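K.L.:
Dropping the structure in here first, questions after.
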Amino acid sequence: MRLALALCLLASPALAEPLLSIDITTLPGEDYDQPIAIARAAGAHVTSLSLAWDELEPAGRYAPPKDWPAIANAYYPAQNIDLTLTFSVIDTIADRRPPDLCGLSWDDPTLGDRFDSHLRHVLSLMPDVTLHAIAIGNEVDASLTTQTDIAAFARFLAAARQTVQTLRPGVPVATKLTATALLADRARYVPLIDAGDAVFATYYPLTASFQVRPPDAPTTDLPDLIAAAMGKPLYLLEAGYPSAGCTSTPADQTAFFSALMATWDLHKAEIPLISLSWLTDITPAETAAYSGYYGVADDCFARYLSSLGLRDAKGHPKPALTLLSKAP
C-alpha cells in the first residue's frame, strides 16, 4: 500500500551504511516542510514516492493531474532527501495499467514497449533526485495468482530492470512482495526473486484476520526474510505496526519498532534500507477510502490502517517516534 506522495542523481551512491526511510503522511493543511523535518530528526534521510501508471497516463499518453515526478525533482534534492520509487503497475489487488493495456499478458510486447517508454519518460523528469531503489509493482503476490502470471510478470520485471540499468546504473530494481507471502511460500515467487537485483518486501506483522502479532515478531521474522531473499539484499520498503489495532497499544507499537531496529542492527549487511510506514495517522475519511480501495470491510483492518502513524491525527508524537528520535 502506498499514498500518492510520501517520504533519488544519475546513479545510486554506494551505501556507506544502511539507510532509514520514513513514508510521509501529513496533517490536513500542514506545510510539507514540517513533517520532512520531523522525519529527519528521527534519523530518516530517505522517503518514498509511489506512481500509479494509470494516473500518469490516463488516456494512453503522459497527462497526469499532478506531475509528481517533476514535483519530486523540484523539491527533494533541495531538501537533501533521497527517494525510493515505486511504479505501481500492480498495487496489491488493483491493476494500475492504463485501461487500453489491461487484460494483456504481462509479457505481451505491446505492454512491454509502452512501459519501457513510460519508465524512460518518468526517470527523465527526475534527473536530480537520488534513488536508492526502484520497485516495479507493489505487493504483487495479491494479484499474481497463477504460476503462469508470475512467470509472465517476471519477464516484464526483467525487461524493466534492464532499462533501469542503462538509465540509473547501480540502483537496485525488483518487485515488492508481502513479507507474509515470502515467509509462507517463497518457492512460489522464485521467478520474481530471480528477476530482481534484490528482494523488496512490505512488512506488517498481522494475522489473516488483521489481528496484530506480538511486537517482538521482527526478532524471528527478519532472519527468516533474509533467508527467503536467497542471498540477495533485503529491502523493507514498508514496515509498520498500529498503535490502536485489534489488541495493540502505543506501547506495543513502541516495542515493535524497538525490536525492529535492534534486529536490524544485527543484520545491516543484509538489509540496506528500511522504510517506516508511516509518519502521521490518516483521517477517518482516508481510512474509509483505503478500506473501499482494498475491498475490506473489517473493523480490525480499519483500526490497523488508521493508527500506523508515528504521530497521532493531531500531530502529537507517539512514544515510538520519541524512541526513534532519541536513537543514536
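K.L.:
Restricting to segment 145-194, name every residue that is basic (Lys, Arg) and in contact with a Phe, Trp or Tyr (Cβ under 9 Å, 6 or more places away or on another chain).
P.N.:
Of everything in segment 145-194, those that are basic (Lys, Arg) and in contact with a Phe, Trp or Tyr (Cβ under 9 Å, 6 or more places away or on another chain) turn out to be ARG155, LYS176.
K.L.:
Turning to a different aspect of this structure: Report yes if LEU266 is crowded, with 22+ Cβ neighbours inside 10 Å and at pLDDT 95 or above, otherwise no.
P.N.:
Against the criterion (crowded, with 22+ Cβ neighbours inside 10 Å and at pLDDT 95 or above), LEU266 does not qualify.
K.L.:
I need a count of the residues in segment 242-259 that are assigned to a loop (DSSP other than H, G, I, E, B) and surrounded by 21 or more Cβ atoms within 10 Å (Cβ to Cβ).
P.N.:
Total meeting the criteria: 4.
K.L.:
Oh, and also: Looking at (1) among the hydroxyl-bearing types (Ser, Thr, Tyr); (2) out of contact with any strand residue (DSSP E or B) (no Cβ under 9 Å at 6 or more places or on another chain); (3) farther than 23 Å from THR25 by Cα, which one does THR180 not meet, given that it meets all the others?
P.N.:
(2)
K.L.:
Only one of these is in a helix (DSSP H, G or I), closer than 25 Å to ILE274 by Cβ and either more than 18 Å from the chain's Cα centre (by Cα) or at pLDDT below 95 (or both): ARG40, ARG120. Name it.
P.N.:
Being in a helix (DSSP H, G or I), closer than 25 Å to ILE274 by Cβ and either more than 18 Å from the chain's Cα centre (by Cα) or at pLDDT below 95 (or both) holds for just one of ARG40, ARG120, which is ARG40.
K.L.:
Can you go through TYR304, TYR293, TYR241 and tell me which one is modelled with pLDDT under 95, over 21 Å from ALA133 (Cα atoms) and under 20 Å from the mean Cα position of the chain (by Cα)?
P.N.:
TYR293
K.L.:
Of all residues in segment 195-241, how many are part of a loop (DSSP other than H, G, I, E, B) and either surrounded by fewer than 18 Cβ atoms within 10 Å (Cβ to Cβ) or in contact with a strand residue (DSSP E or B) (Cβ under 8 Å, 6 or more places away or on another chain) (or both)?
P.N.:
Looking only at that region, the number is 19.
K.L.:
Within the bounds of segment 55-63, is there any residue that is closer than 23 Å to LEU321 by Cα, of a type in the set (D, E, K, R), surrounded by fewer than 22 Cβ atoms within 10 Å (Cβ to Cβ) and at pLDDT 90 or above?
P.N.:
For segment 55-63, residues closer than 23 Å to LEU321 by Cα, of a type in the set (D, E, K, R), surrounded by fewer than 22 Cβ atoms within 10 Å (Cβ to Cβ) and at pLDDT 90 or above: absent.
K.L.:
Select from segment 151-194 the residues that are outside any helix (DSSP H, G or I) and among the β-branched types (Val, Ile, Thr) and write down the one among them that is nearest to TYR294 (Cα to Cα).
P.N.:
Looking at residues that are outside any helix (DSSP H, G or I) and among the β-branched types (Val, Ile, Thr), I get THR178.
K.L.:
Same structure again: Would a scan of segment 284-292 turn up a residue that is within 30 Å of GLY170 (Cβ to Cβ), in a helix (DSSP H, G or I) and of a type in the set (Ser, Thr, Tyr)?
P.N.:
The answer is no; no qualifying residue exists.
K.L.:
Right, something else. Out of all the residues in segment 293-318, which are part of a helix (DSSP H, G or I) and crowded, with 16+ Cβ neighbours inside 10 Å?
P.N.:
Hits for segment 293-318 are TYR294, CYS300, PHE301, ALA302, ARG303, TYR304, LEU305, SER306.
K.L.:
Residue by residue through segment 139-150, note down the ones that are assigned to a helix (DSSP H, G or I) and surrounded by fewer than 16 Cβ atoms within 10 Å (Cβ to Cβ).
P.N.:
Selection gives GLN147, THR148, ASP149.
K.L.:
Continuing with this model, one more query. Just to be sure before I move on: is ALA208 farther than 21 Å from LYS268 by Cβ and either modelled with pLDDT of 95 or more or among the aromatic types (Phe, Trp, Tyr) (or both) in the structure I sent?
P.N.:
Here the answer is no, as ALA208 does not meet what is asked.
K.L.:
Look at segment 69-82 and say how many of its residues are under 19 Å from HIS118 (Cα atoms) and touching a Ser or Thr at 6+ places or on another chain (Cβ under 9 Å).
P.N.:
So the answer is 1.
The values are calculated or read from the model by the stated rules, or taken from the named source; none is laboratory data. Quantities reported herein were computed from a predicted structural model and do not represent experimental measurements. In this analysis, Cβ positions are derived from the backbone assuming ideal geometry, glycine residues included, and neighbour counts consider all displayed protein chains.
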